[in-house]
Structures are given as structure tokens and as C-alpha cells.
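Everything below concerns the one structure shown next.
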Amino acid sequence: MYTYAIDALMQWDGKRVTDHNRSALSVSYESIESSERTVNGTLRKFVVARKRTFKVEWVDLFNTDNTVDGFMGADAIDAFYDATPGDFILTITDGSGKRESARVMIRDYSKSLSKRSKRTDFYDISISLEEV
């Protein structure tokens, strides 16, 4: 089997998720804060924490792990979703090999069949992961 030169962008609990037909990984931030106006009208804000939301989509993803990099295909992603109702570790690896981990939970997940063929089915998958 061919070994892909660059590691997968994402790992979910150590399982590498395919980069095959993956869109850009978007990260948005949300502040958990308390703010109020004082008597003289100035604003006071107390930031408790900031959490991130990670969103990613795949288009025409093989249902098997026969992806270009050999990592998790649509069926494996679906099985992970079914088997993981709670939190898990998301590891993001950039092109230089630097890794960053976060404890996340699946917020939104959708999977739709986009194409069929004799050998495989193709799915469009969208997932949103929220930092715990």
C-alpha cells in the first residue's frame, strides 16, 4: 500500500480522517462572557472562556476507505459518529507536521448519497465539531 507523504489534516481519537475531496477546515470562535453597563454608561465585560467550532465537508466521498490517502471513508466516518455520543480528541496536523489537540463533541452531522456506481457509492458529508 502506498504511504501518503503528508499526514491527514484531522485525527479523531487517533483515527486518521481522509483529505479526499475535503473542503477547507473552518474554525470559528465564540466567547463565553458576561457584560453589563455600569451606572455611568461604561461597559464592563468578564470573559470566562473562548471556545472553537470546527466545520468541514466532503463532496463525493467514497463509502469505503479506498480514498486517495487510504484514511477513513464515508462508512468509517458514519460508524465513528454512531459510536461516539460523547467527547473525543481532535488532533489537527498542519503541513509542517505541527499538531494541535482539542477535546470536542459532534454538534451537527449530515450525510447524503450523491452518486451511485457498481463498485462504490459517493456521499456528501458535513460535520461540525464544538470544543468542550
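Multiplying the residue separation of residue 51 and residue 110 by 0.36 nm and subtracting their alpha-carbon distance yields 19.0 nm. Using Cα atoms only, what is the angle between the long axis of helix 74-83 and the major principal axis of the chain, expressed in degrees (0 to 90) to the nearest 10? Roughly 50 degrees, rounded to the nearest 10. Count neighbours as other Cβ atoms within 10 Å of each site's Cβ, and list the trypsin sites (Lys or Arg not before Pro) in region 89-132 that are DSSP loop with at most 16 such neighbours. When the trypsin sites (Lys or Arg not before Pro) of region 89-132 are filtered for loop state and at most 16 Cβ neighbours within 10 Å, 98, 118, 119 remain. Remark: region 1-87 carries 64 Å² of accessible area per residue (probe radius 1.4 Å; ligands, DNA and RNA excluded).
Along region 84-90 the Karplus relation, 6.51 cos²θ - 1.76 cosθ + 1.60 evaluated at θ = phi - 60°, assigns HN-Hα couplings of 10, x, x, 8, 7, 8, 9 Hz to successive residues, with x for each Gly and Pro. Calculated mean residue ellipticity at 222 nm for the chain: -2000 deg cm²/dmol, from DSSP H runs with n ≥ 4 weighted as -39500 (n - 2.57), summed, divided by the residue count and rounded to 500. Between the amide H of residue 114 and those of 122, 123, 124, distances stay under 5 Å, these residues lying 5 or more places away or on another chain, with hydrogens modeled in the peptide plane. Our coupling estimate for region 102-109, obtained by passing each phi through the Karplus curve with A = 6.51, B = -1.76, C = 1.60 and θ = phi - 60°, is 8, 8, 10, 10, 6, 8, 9, 8 Hz, Gly and Pro reported as x. Our summary gives the chain a relative contact order of 27 percent, counting only alpha carbon pairs under 8 angstrom and 6 or more residues apart. Given 20 °C and 1.002 mPa s, compute D for the chain with the Stokes-Einstein relation, Rh being the Kirkwood radius over Cα pairs; round to the nearest whole µm²/s. Translational D for this selection: 129 µm²/s. Exposure check, 1.4 Å probe, all protein chains in place: residue 81 carries approximately 90 Å² of accessible surface. For region 10-73, the share of accessible area belonging to carbon and sulfur comes to 47 percent (1.4 Å probe, ligands and nucleic acids excluded).
The values are calculated or read from the model by the stated rules, or taken from the named source; none is laboratory data. Everything numeric in this text was worked out from a predicted model, so none of it was measured. We place every Cβ from the backbone using ideal geometry, glycine too, and count neighbours over all the protein chains shown. SASA here: full protein model, heavy atoms, side chains in, ligands and nucleic acids out. Shrake-Rupley method; radii C 1.70, N 1.55, O 1.52, S 1.80 Å.
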